[in-house]
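Below is one structure, written out as structure tokens; the observations come after it.
The values are calculated or read from the model by the stated rules, or taken from the named source; none is laboratory data. Computed from a predicted model, the values in this text were never measured in an experiment. Cβ atoms come from the backbone with ideal geometry, glycine included; neighbour counts cover every protein chain shown. Accessible surface areas use protein heavy atoms only, side chains included; no ligands, DNA or RNA. Shrake-Rupley method; radii C 1.70, N 1.55, O 1.52, S 1.80 Å.
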Amino acid sequence: MSEVESERGSGTVLAVGLGMVVVMVMALLLLLAQASAAASKAAAAADLAALAAADALRGVSAGEPCFVAAEVAARHKATLVSCTEGGDQSVEVSTELAAGPLLGVATGRARAGPPP
């Protein structure tokens, strides 16, 4: 048996191995993109909830500030974790959003009101 015949099929094994590496890298990039999107959605929900709560605190809109913040967060499929009203007519909120079975929970924090 010659040396060339003993290496027959090694290119196929190499191609399959490289294909698996490419598939794994693409899967990791997809998970990273999904985590980034979830974090962005959680942050946007926190921003909007804080703005709505600050408006309610200042009397611009009706309602109790933290209740309004919870409603706004829920509209964006997030859960209001904490809501703190400041004495300077500011509101700080924290939200959570389910990011998926592999990624867990994405969180967002925001403050709205007059400048500190």
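Some points to look at:
- The strands (runs of 3 or more DSSP E) found wholly in region 25-116 and carrying at least 1 residues that are touching a Cys at 6+ places or on another chain (Cβ under 7 Å) and not basic (K, R) occupy 79-85, 91-100.
- Residue within region 75-84 that is closer than 30 Å to G113 by Cα, open to solvent by less than 30 Å² (accessible area, probe 1.4 Å) and in contact with a Lys or Arg (Cβ under 8 Å, 6 or more places away or on another chain) present: yes
- Residues that are of a type in the set (D, E) and modelled with pLDDT of 90 or more, drawn from region 57-116: E64, E71, E85, E92, E96
- The set of residues from region 54-105 being over 25 Å from A33 (Cβ atoms), under 22 Å from the mean Cα position of the chain (by Cα) and in contact (Cβ under 8 Å) with a residue 40 or more places away in the chain comprises V91, E92, V93.
- When L51, L30 are checked against the criterion of being without any contact (Cβ under 8 Å) to a residue 24 or more places away in the chain and either among the aliphatic types (A, V, I, L, M) or open to solvent by 100 Å² or more (accessible area, probe 1.4 Å) (or both), a single residue qualifies: L30.
- In region 106-116, residue farthest from A42 (Cα to Cα) [restricted to those that are open to solvent by less than 30 Å² (accessible area, probe 1.4 Å) and either more than 13 Å from the chain's Cα centre (by Cα) or without any contact (Cβ under 8 Å) to a residue 12 or more places away in the chain (or both)]: A112
- Subset of region 3-27 (residues that are open to solvent by 60 Å² or more (accessible area, probe 1.4 Å), at pLDDT below 90 and either within 21 Å of L102 (Cβ to Cβ) or among the small types (G, A, S) (or both)): S6, S10
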